[in-house]
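Participant: The structure is given below, and queries will be raised subsequently.
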Amino acid sequence: MTEQWEKLDSNHQPWEGEVVSEELATVPILLTRIDGQLKAYHDCCAHNGVRVSTGHVEGTIITCPAHKWQYDLRSGEGVNPKKMRLRSLPLMTRDGEIYIDIGSVIATKVTL
Ligand code: FES
């Protein structure tokens, strides 16, 4: 699988428990921070592609605004339904900057 690392704007990082939306090379990204750890997901509901980041957050569970599918922001795993999940995106820090690998999204051409 092809990697494509994109630098994250340091001004767009979420506070603990917050969800923010970002776009890197036309790929919508959902960012959150849980237990001090930054997490990145493709901001695309597994049901019908709606930006999950526009949904409601309660604890670590985010609910898609369209049809109420729910995901656990700690892992991206589906809560309801359990079989679906958000696509987790790898993160790395280099020279004090954070990079996100969006290659898996680009490879599947799912860029909403
Ligand atoms: S698009 Fe998210 S639940 Fe339908």
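Participant: Can you give me the number of residues within the range 59-77 that are within 15 Å of the ligand (Cβ to nearest atom), more than 14 Å from TYR41 (Cβ to Cβ) and assigned to a loop (DSSP other than H, G, I, E, B)?
Facilitator: 4
Participant: In the range 25-58, what residues are more than 15 Å from the ligand (Cβ to nearest atom), crowded, with 17+ Cβ neighbours inside 10 Å and over 20 Å from TYR99 (Cβ atoms)?
Facilitator: none
Participant: List the pairs whose first member sits in the range 65-82 and is of a type in the set (A, V, I, L, M), whose second member is part of a strand (DSSP E or B) and away from the ligand (no atom under 14 Å from the Cβ), and whose Cβ atoms are under 9 Å apart, counting only residues at least 6 apart or on separate chains?
Facilitator: Partner pairs satisfying both residue conditions: LEU73/VAL19; LEU73/THR32; LEU73/ILE34; LEU73/LYS39; LEU73/VAL57; VAL79/ASP72.
Participant: Under 7 Å by Cβ, and 6 or more places apart or on different chains, what pairs join a residue from the range 28-54 that is more than 19 Å from ASN11 (Cα to Cα) with one that is hydroxyl-bearing (Ser, Thr, Tyr) and away from the ligand (no atom under 11 Å from the Cβ)?
Facilitator: These pairs meet every condition: ARG51/SER21.
Participant: Sticking with this structure for a sec: State the number of residues belonging to the range 18-32 that are touching a strand residue (DSSP E or B) at 6+ places or on another chain (Cβ under 7 Å) and assigned to a loop (DSSP other than H, G, I, E, B).
Facilitator: Of the residues in that region, 2 qualify.
Taken together, the values in this text are just the output of simple stated rules run on the coordinates, not laboratory data. Bear in mind that the values here come from a model prediction, so they are computed numbers and not experimental data. We place every Cβ from the backbone using ideal geometry, glycine too, and count neighbours over all the protein chains shown.
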